[in-house]
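The numbers here are math on the coordinates, done by the rules we state, and not lab data. None of these values were measured; they are calculated from a predicted model. Virtual Cβ from ideal backbone geometry, glycine too; neighbours counted across all protein chains shown.
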Amino acid sequence: MRNFTEEQTLFRESYRRFLAEEVAPNMERYREEGIVDRRVFEKAGAQGMLMVWPDEKYGGLGDPDFRYEQIIIEETVRAGCGEWYNTLHSRLVGPYLQNLGTDKQKERFLPKAASGEAILAIAMTEPDAGSDLSAIKTRAVDEGDHFRLNGAKTYISNGINADLVIVAAKCEPFDKPHSMVLLVVERGMEGFERGRNLEKIGLHAQDTAELFFHDVRVPKENVLGEPGQGFRYLMQGLAEERLIAACGYLASGRRAFDVTRDFVLERPSFGGRVSDHQNTQFKMAEMDTELEILQVFVDHCVTEHNEGRLSPNMAAKAKLQTSEAEWRMADLGLQLHGGAGYMKEYEISRIFTDARMSRIYAGSSEIMKYIIGRDVFSQSYRSFLD
């Protein structure tokens, strides 16, 4: 039995209805257009289903329990709406405003973010800097009452829709690779330009953009935290980012299992059904077992995170295993669909192409293994069972 409160169970039911009525019927159109209508954010915000954790005075429910976001992630994927990056807005980017913002900044930014009026994004990745953030070239020069920002970012999720973008940039002293500042760049600032909405092999409804900054004057009122500490702030958020990813990948793997199970139960094969073959039963049994075990571990990670005990190592393990399991299930599901699995009309084909990004996003599988392996051979290594 999963450990959700009665209030959270009711929230799940309400959120499931919201997706069924407001989002799922329009997803195919959003995929064709390459972007989710920004009014979806506003509709979710109006019903208190966009940002749950902020204080009520900022438009939230004032409940920081990560299980609410876990519900949102699971139900969004279950409804086939995973390309709507509401969690990136609400739980990945939003907390930077809460944790680093001054009271004035929270009053300026959080209510609009909670209502969906202002959509959020974070800009770290650059054409020549992905996992290695110390290699970014975007610069912010202190000019008294503002920073002058120059540089370019790429592969930015919510990049077209975003009204507020938290930009990571190098700052003085420039000879120190980890000296960074986080700046809130607002839609309409002079010198802030968006490139094309990038075409991807999957996640077609999710807008992914290039961003350019040409002598953008960012006022000091838009600096988050202390200049020079931006790299440290970003590292502090990585464990939760990977937990968010793990929840989504596991939900996607389970969705792939469900649609595959339904298909093989109906698909005729040699006088019976595909599900009658022992190979099908064994393969699906293996994946069902793996997904069930991973659910227990991810739920454990959520509990640890709520208690402030989620380590980078544990988050890396969750992200690594769920993304790999999602891919195996998507691949198996397409295989068991046969030729039908290669047709766009079948959901498994979309799950398959979307899942290919999971082993890259939020740190590749190779990076996750490096983090875990480094910890295994450290003197302070401890198993989560200790």
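Remarks
- Residues considered: K170, K220, K112. Largest GNM mean-square fluctuation over the chain, using C-alpha springs under 10 Å, is found at K220.
- Set of lysines near K104 by C-alpha distance (under 23 Å), chain-local residues within fewer than 8 positions excluded: K57, K112, K220
- Global geometry of region 207-273, whether rounded, prolate or oblate, following the gyration tensor of its Cα atoms and the 1.5 cut on a/c: prolate
- Rounded, prolate or oblate (a/c below 1.5 giving rounded, otherwise prolate when a/b exceeds b/c) for region 201-314 by Cα gyration tensor: oblate
- Our helix-only sum for the chain, with -39,500 (n - 2.57) per DSSP H run of n ≥ 4 divided by its residues, gives a mean residue ellipticity at 222 nm of -14500 deg cm²/dmol.
- Shape call, region 1-78: gyration tensor on alpha carbons, a/c limit 1.5: oblate
- Here is the list for region 122-153: trypsin sites (Lys or Arg not before Pro) lying in DSSP coil, each with at most 15 other C-beta atoms within 10 angstrom of its C-beta, are K137.
- C-alpha long axis of helix 278-306 to longest principal axis of the chain, angle in °: 30
- Alpha carbon convex hull of the chain, projected area averaged over orientations, nm²: 20.2
- The angle between the Cα long axis of helix 66-78 and the main principal axis of the chain comes to about 50°, on a 0 to 90 degree scale.
- The alpha-carbon of K200 sits under 14 angstrom from the alpha-carbons of these aspartates and glutamates, leaving out residues fewer than 8 places away in its chain: E32, E33, E83, E210, D354.
- For the chain, with +1 on Lys and Arg beta carbons and -1 on Asp and Glu, the positive-most of I136, V52, L182 along the dipole: I136
- Taking a quarter of the surface of the Cα convex hull of region 237-376 gives a mean projected area of 8.8 nm².
- Distance from region 89-143 to region 324-350 (C-alpha centre basis), Å: 35
- The three principal axes of the C-alpha atoms in region 121-228 carry coordinate ranges of 42, 29, 21 Å, sorted with the longest axis first.
- Each peptide in 182-193, 234-245 gets a packing score, the mean of other Cβ atoms within 10 Å over its residues, and the list from highest to lowest is 234-245, 182-193.
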